[in-house]
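Asks: Right, I'll just put the structure down here and ask away after.
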Amino acid sequence: MSKNLVIVESPAKAKTIKKYLGKDFEVLASYGHVRDLVPKDGAVDTSGSFDMKYQIIDRNEKHVRAIISALKDADALFLATDPDREGEAISWHLVELLKEKGALKNKPVKRVVFHEITERAVNEAIANPRDIAFDLVNAQQARRALDYLVGFNLSPLLWRKIQPGLSAGRVQSPALRLICERELEIRAFIPQEYWTLDARAQKDAQSFAAKLTELDGQKVEQFTLTDAGGSEAAKVRILAAAQGSLKVVAVDKKQRRRNPSPPFTTSTLQQEANRKLGFTSSRTMRTAQQLYEGVDLGGDTVGLISYMRTDSVSLAQEAIAEIRKTIVREFGDKTLPAEARYYKSKSKNAQEAHEAVRPTSASRTPKSVARYLTPDQAKLYELIWKRAMACQMNPAVFDTVAADLKAGLQHTFRANGSVLLEPGFLAAYNIKVTDPLDKSDEDDEDDKRLPVLVVGETVNLLDLDAEQHFTQPPPRYTEASLVKTLEEFDIGRPSTYASIISTLQAREYVRLDSKQFTPTDVGMIVNKFLTDHFTQYVDYEFTAKLEDDLDAVSRGEREWVPLLADFWGSFKPRVDEKMELTRQEVSETRQIGTDPASGKPVSARLGRYGPFVQIGTKDDADKPRFASLRANQRIDTVTLADALALFQLPRRLGTLENGEEVEVNIGRFGPYARYGKSFVSLKKDDDPYTIGLPRAIELIEQKAAALEAATIKVFEAAGIRIIKGRFGPYISDGTRRANIPKTRDPETLSALDCEFFLNEAEQKDKAAGGKKSGKGKASKKTAATAKTATKTAAKSVVKKSTAKKSTAKKAAKKKKP
């Protein structure tokens, strides 16, 4: 029997810690949060107290039962959840739940925190427990309440005014605004033409390039040369003045020192993993969690990195000492500074500023542990290890040269060169004196060697290269640049960035094309609605101020209830006011042109099921015609020709051998082909505007083969099949469908039984207004009464089934109603 019960968040973490603590400790996982707000209106009491109604999370109920059972035999409870706001809240929620269930029985409850899962750190934490930090708990409760109040009030407004299934969030919506505003900048951008002139010079068989910096005695700006004619005229003047050579008039030699970057925070880890490894934020955090919770290194399970949710760039003295020893061993004495480097954190929230993300042991080199890791784990560990080593190494030293060369008296060129003298911290990235700079670490355009140039000498001018350029719009956000911008604006916290980005993609507000975020039509319209009608709540400064206030709660500098009251007092009246808006006011219609065939207006807008184009208006005598936009089309850019082409559907492709006509169209759930009364969905690569009859037949045959493979039983004369479905077996006659009760074996059903279930499902649908399209669910009562089917059902089957008439009669005799 274990004397002590330790609770952590994940089973992987529990497995690792159990090995460190021995037989007197039982370690169980809560599997994350154990309670959450009830998912309905009124979960947060906004009348003044802001009391919150919680309920146990269904999927974790069995884990709570296991904890209660283990606690009966334990003398003390140790709460070892993560060392941050969320971890503190999980511990508090668990204690409150155990109190409700009377499971604690006055047993001591101790909170323990560690920032790395190593034997030393875990045992040290167990030896030095503390109480639950209620300031952190209150800060987390305030965040959860704010997220609930915003989501539960704004999201239904979006459903009514724009489209079902949409959502708004306290941090999600300002992040969407960033992406949409960047897109508007790109659309409004007008490119400007400009030209550059570069000299190709040579000395002692070594060629080098130099940029034009002075033309006709005037400094060259970006738009000094704006067309081909001007650049060609300038080239002629310079060549005439140079007479085949350039004179060196100035040489400036300097040494440049480049310092290493600080160790990783959550944010910089996500940025660098995206830039260098191509990882998404969620992939980075998932992999980092695995490295933190523990990896089996040939029988010894140990956490390889410190806690990965942190705003701090500081390192523990013990960690610095081990890193310095490893630097000497791996990279030599020359790369180690005389004194350790110390970095100051920019985080205002001291309670959450622990240590930077680092290896738990610097001596575990990436090479030594690689065979125990997955490819993702190995890549991310190497990234973290190298950054930790580099941050304690010497700066890299470069010799830089800038030389000015004259062509005649009026024209000047500048050549820049750079040579790496001492690699310093770059050695950690395998960059040596003879190598070019690691461009992915920090971009350096001037990393090139020049020949030795002396003032007063001349060098050969081989030619002048004129090159045309156009100014570029600001780039769309990548995951790395979005995370960096969110951090700069103080929107959200690094630990939430991955979930923010995932939500924007899940709601189809943005698409990730070529690693860049592009807002969808839905995203643009939602953003416009929020910025027009809830300006304050998507304002960057307001969001950042709210984050600062929540941080103040976590530090005990502010009370959380007045904070919620201030927010709600201005937010609720705004929501109530905007309920009066009409859908037309929110989803603006864009007029595209006029249909030449009918003379009616053609417009584009967002509907309940996505963006579409429309010919005519609701005021016309004839009903307007509608067509959904294709995946690559947008409301604000679709042309009249593109819009009219969408009305080619439905397209008739031809007929099958049985005489059934085949046509393709786009429905609510995507493109499909119809043949007779049956349908088959088109595949992702099938275009309904170009697909031909042979391909449609292929899809129909594939569906028939799949249906045959999934068929459990068939009554051919009655036209009824029993089919294996995704959610269990069901009955279908081609137009109607009914689920089979769990108490009935599909193999034993007769045609009579099937007809009864289909009739009952049809009647239920009619009673419900036909909303379920024949997909009625059979009840237990149905299962019992199916054996006594009505005469009407029996007659129906007998009429349909001529091949099995005698069987049906026997069944009717046996099963009296």
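Asks: Which of 699, 517, 208 sits farthest toward the positive end of the charge dipole of the chain, with +1 on the Cβ of Lys and Arg and -1 on the Cβ of Asp and Glu?
Replies: Most positive-ward Cα: 699.
Asks: Give me the net charge for the shell around residue 579: Cβ to Cβ below 14 angstrom, other residues only, Lys and Arg +1, Asp and Glu -1.
Replies: Net charge around residue 579: +2.
Asks: Report in % the part of the accessible area of segment 261-344 that belongs to carbon and sulfur, leaving out ligands and nucleic acids; probe 1.4 Å.
Replies: It is 48 percent, rounded to a whole number.
Asks: Restricting the count to DSSP beta bridges whose residues both fall in the chain, what percent are antiparallel, rounded to a multiple of 5?
Replies: So the antiparallel bridges in the chain amount to around 85 percent.
Asks: Please list 507-513, 600-606 highest first by mean number of surrounding beta-carbon atoms within 10 Å per residue.
Replies: Final packing ranking: 600-606, 507-513.
Asks: Which angle between 0 and 90 degrees, to the nearest 10, do you get for helix 85-100 versus the longest principal axis of the chain when only C-alpha atoms count?
Replies: Approximately 30 degrees, to the nearest ten.
Asks: Can you figure out the FRET efficiency of residue 218 with residue 342, using R₀ = 41 Å and their beta-carbon distance, to the nearest 0.05? The partial results should precede the final answer.
Replies: Working: r = 48 Å, r/R0 = 1.18.
So the FRET efficiency works out to roughly 0.25.
Asks: Then there is this: Could you give the semi-axes, largest first, of the ellipsoid that matches segment 135-249, computed as the square roots of 5 times the alpha carbon gyration tensor eigenvalues and rounded to whole Å?
Replies: One finds semi-axes of 61, 20, 11 Å for segment 135-249.
Asks: Now, a different point. Using only Cα atoms, locate the centre of segment 489-568 and the centre of segment 693-718, then give the distance between them in Å, rounded to an integer.
Replies: Each part reduced to its Cα centre gives a spacing of 49 Å.
Asks: Let me ask you something else. What does the extension gain come out to for residue 767 and residue 226, with contour length at 0.36 nm per residue minus their alpha carbon separation?
Replies: 187.4 nm is the gain from fully extending residue 767 to residue 226.
Asks: Within segment 552-574, find all residues whose amide N lies under 15 Å from a label point positioned 7 Å from the Cα of residue 45 along Cα-to-beta-carbon.
Replies: Counting only backbone N, you get 561-562, 565.
Asks: About the Cα centre of segment 50-197, what is the dipole size in debye to 20, counting +1 per Lys and Arg Cβ and -1 per Asp and Glu Cβ, all else neutral?
Replies: For segment 50-197, the charge dipole is close to 620 debye.
Asks: Given a 1.4 angstrom probe, I'd like the percentage of the accessible area of segment 502-623 that is carbon and sulfur, rounded to a whole number.
Replies: In segment 502-623, the share of accessible area belonging to carbon and sulfur is 48 percent.
Asks: Also, quick follow-up: Round to the nearest 10 and give me the degree value, 0 to 90, for the angle of helix 751-767's Cα axis relative to the longest principal axis of the chain.
Replies: 70 degrees
Asks: To the nearest whole percent, what portion of all C-alpha pairs in segment 676-739 is separated by more than 16 angstrom?
Replies: In whole percent, the share of Cα-Cα pairs in segment 676-739 beyond 16 Å is 54.
Asks: A further question on this structure: Got the relative contact order for segment 90-243 handy, in percent, Cα pairs under 8 Å and 6 or more residues apart?
Replies: That works out to 12 percent.
Asks: When the distances between all Cα atoms of segment 532-666 are binned every 5 Å from zero, what whole-number percent does each bin get?
Replies: Calculated over all Cα pairs of segment 532-666, the distribution is 2, 8, 12, 13, 10, 9, 8, 9, 8, 6, 5, 4, 3, 2, 1, 0 percent.
Asks: While we're on this one: When you take every Cα atom in segment 112-202, what is the radius of gyration, and what is Dmax, the widest Cα pair distance, in Å?
Replies: 26.1, 73
Asks: If you don't mind, another one. Report, to the nearest 10°, how far helix 317-331 tilts away from the longest principal axis of the Cα atoms in the chain, using its own Cα long axis and a range of 0 to 90°.
Replies: 70 degrees
Asks: Using Cα pairs under 8 angstrom and six or more residues apart, how large is the relative contact order of the chain, in percent?
Replies: Relative contact order comes out at 11 percent.
Asks: Would segment 478-543 count as rounded, prolate or oblate if I go by the C-alpha gyration tensor, calling it rounded below 1.5 in a/c and otherwise prolate when a/b exceeds b/c, oblate otherwise? Display every interim value, and only then the final one.
Replies: Working: a/c = 1.92, a/b = 1.06, b/c = 1.82.
Oblate, since a/c reaches 1.5 and b/c is not below a/b.
Asks: Continuing with this model, one more query. Solvent-accessible area per residue for segment 314-435 at a 1.4 Å probe radius, Å²?
Replies: That works out to 46 Å² per residue.
Asks: State log₁₀ I(q)/I(0) for segment 245-351 at q = 0.10, 0.16, 0.22 Å⁻¹ as given by the Debye formula over alpha-carbon point scatterers of equal weight, solvent excluded.
Replies: -0.46, -0.98, -1.36
Asks: How much accessible area per residue does segment 88-175 have, counting only protein heavy atoms and a probe of 1.4 Å, in square angstrom?
Replies: 38 Å²
Asks: May I ask for the distance between the Cα centers of segment 156-205 and segment 578-611, given as a whole number of Å?
Replies: A separation of 25 Å, based on Cα centres.
Asks: Across every pair of different alpha-carbon atoms, what Kirkwood hydrodynamic radius in Å does the chain reach?
Replies: 33.3 Å
Asks: Excluding ligands and nucleic acids, what accessible area in Å² is computed for residue 343 using a 1.4 Å probe, to the nearest 10?
Replies: 50 Å²
Asks: Distance between the C-alpha centers of segment 327-346 and segment 219-268? Whole Å please.
Replies: 35 Å
Asks: Related question: By per-residue mean of other Cβ atoms within 10 Å, what is the highest-first order of 109-117, 380-388?
Replies: Going by the mean number of other Cβ atoms within 10 Å, highest first, we get 380-388, 109-117.
Asks: Set Lys and Arg Cβ to +1 and Asp and Glu Cβ to -1, take the dipole of segment 94-136 about its Cα centre, and tell me which of 117, 94, 127 lies farthest positive.
Replies: Result: 94.
Asks: I've got another one for you. Treating only the Cβ atoms of Lys and Arg (+1) and Asp and Glu (-1) as charged, compute the dipole magnitude of the chain about its Cα centre; round to the nearest 20 debye.
Replies: 5480 debye
Asks: Once you charge only the Cβ atoms, +1 for Lys and Arg and -1 for Asp and Glu, what is the size of the charge dipole of segment 1-94 about its Cα centre, to the nearest 20 debye?
Replies: Dipole of segment 1-94, to the nearest 20 debye: 500 debye.
Asks: What full-extension length gain, to one decimal in nm, is calculated for residue 489 and residue 249 as 0.36 nm per residue of separation minus the Cα-Cα distance?
Replies: Stretched out fully, the residue 489 to residue 249 stretch lengthens by 81.8 nm.
Asks: Accessible area per residue for segment 647-726 in Å², computed with a 1.4 Å probe and the full protein assembly in place, what is it?
Replies: It amounts to 62 Å² per residue over segment 647-726.
Asks: Taking 0.36 nm per residue of sequence separation and subtracting the Cα-Cα distance, how much length would be gained by fully extending the chain between residue 632 and residue 363, in nm to one decimal? Working shown, then result.
Replies: Details: separation 269, 0.36 × 269 = 96.84 nm, distance 5.11 nm.
Contour length minus the Cα-Cα distance gives 91.7 nm.
Asks: Ok, one more. Any idea which of 597, 262, 719 is furthest toward the positive side of the dipole for the chain, if Lys and Arg beta-carbons carry +1 and Asp and Glu beta-carbons -1?
Replies: Checking the options against the dipole of the chain, the answer is 719.
The values are calculated or read from the model by the stated rules, or taken from the named source; none is laboratory data. Quantities reported herein were computed from a predicted structural model and do not represent experimental measurements. Every residue, glycine as well, gets a Cβ built from its backbone with ideal geometry; the counts of neighbours run over all protein chains shown. Ligands, DNA and RNA are excluded from the accessible area calculation, which covers all protein heavy atoms including side chains. Shrake-Rupley method; radii C 1.70, N 1.55, O 1.52, S 1.80 Å.
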